[in-house]
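The values are calculated or read from the model by the stated rules, or taken from the named source; none is laboratory data. Bear in mind the structure is a predicted one, so any value in this text is a computation, not a measurement. Here Cβ is always computed from backbone atoms with ideal geometry, including for glycine, and neighbour counts include all displayed protein chains.
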Amino acid sequence: MWKDELKEKLEECGAIKFGDFILASGKKSSYYVDIKKAATKVEVLKLMAKYLSKEVKGDIIGGVELGAVPLTVAVALELGKDYLIIRKESKEHGTRKMVEGEFKKGATIDIIEDVVTTGGSVLRAVKILRELGLNVERVICVVDREEGGYENLKNEGVKLISLLRASDLNLN
């Protein structure tokens, strides 16, 4: 089964770590899923892109810097679709844009994400993209930590689709 293959590759490359961690959400955790590490391994990146691509329905895809960018680029190449990069904060120089890439207002965008915990980072991206006139209905992630992200996104009218959940990885 493909989920077992992906789980095995994440374990093999050392992307699943145990210890004491502080997550982007501010929560403490006894485990960490390091998709950035996995994405630096071409074989694992290709595998994640293959399975993420199967879930994409939008006109365009987007990813929040930094963790989702390699995944977003790999999915864009797999599908031949353009993509956007959503910054965590605008730069003080250059164009000062929050979103890099071209899009048409009214287009539907699927957001690619590495790991979703509470969904805070991706909800911020949803708000930015909606303010720019894009339709955001779906977030597709590699791992859902099952710590409220699904529900928080649903409350904003966004469906979370995950390749793996923490329970699939026997982490919670």
Task: In region 18-55, the residues that are among the charged types (D, E, K, R), over 15 Å from residue 74 (Cα atoms) and loosely packed, with under 12 Cβ neighbours inside 10 Å - done: 20, 28
- [ ] Identify all residues within region 108-144 that are charged (D, E, K, R), under 19 Å from residue 38 (Cβ atoms) and touching a residue at least 40 places away in the same chain (Cβ under 8 Å); write none if there are none.
- [x] 113, 114
Task: Residues of region 119-172 classified as more than 14 Å from the chain's Cα centre (by Cα), outside any helix (DSSP H, G or I) and surrounded by 21 or more Cβ atoms within 10 Å (Cβ to Cβ), total - done: 1
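Going by the conditions given, is residue 113 within 16 Å of residue 58 (Cα to Cα), acidic (Asp, Glu) and buried (at least 21 other Cβ atoms within 10 Å of the Cβ)? So that I can check it myself, show each step before the final result.
Details: within 16 Å of residue 58 (Cα to Cα): yes; acidic (Asp, Glu): yes; buried (at least 21 other Cβ atoms within 10 Å of the Cβ): yes.
It is true that residue 113 is within 16 Å of residue 58 (Cα to Cα), acidic (Asp, Glu) and buried (at least 21 other Cβ atoms within 10 Å of the Cβ).
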Task: Residue that is nearest to the chain's Cα centre (by Cα) [pool: residues in region 9-33 that are assigned to a loop (DSSP other than H, G, I, E, B) and hydrophobic (A, V, I, L, M, F, W, C)] - done: 24
Open item on the list: Quick check on my filter: what residues within region 15-50 are modelled with pLDDT under 95 and more than 19 Å from residue 65 (Cα to Cα)?
Closed with: 16, 17, 18, 19, 20, 21, 27, 28, 29, 30, 31
Open item on the list: Being within 17 Å of residue 163 (Cα to Cα) and in contact with a strand residue (DSSP E or B) (Cβ under 7 Å, 6 or more places away or on another chain) is the filter here; which residues of region 1-35 pass it?
Closed with: 3, 6, 7, 10, 15, 16, 32, 33, 34, 35
TODO: Mind listing whichever residues of region 127-158 are in contact with a Lys or Arg (Cβ under 6 Å, 6 or more places away or on another chain) and either modelled with pLDDT under 95 or within 20 Å of residue 2 (Cβ to Cβ) (or both)?
DONE: 138, 144, 146
TODO: State whether one or more residues within region 77-97 are at pLDDT below 95, among the β-branched types (Val, Ile, Thr) and surrounded by 16 or more Cβ atoms within 10 Å (Cβ to Cβ).
DONE: no
Open item on the list: Name the residue that is farthest from residue 135 (Cα to Cα), counting only residues in region 40-94 that are aliphatic (A, V, I, L, M) and part of a loop (DSSP other than H, G, I, E, B).
Closed with: 66
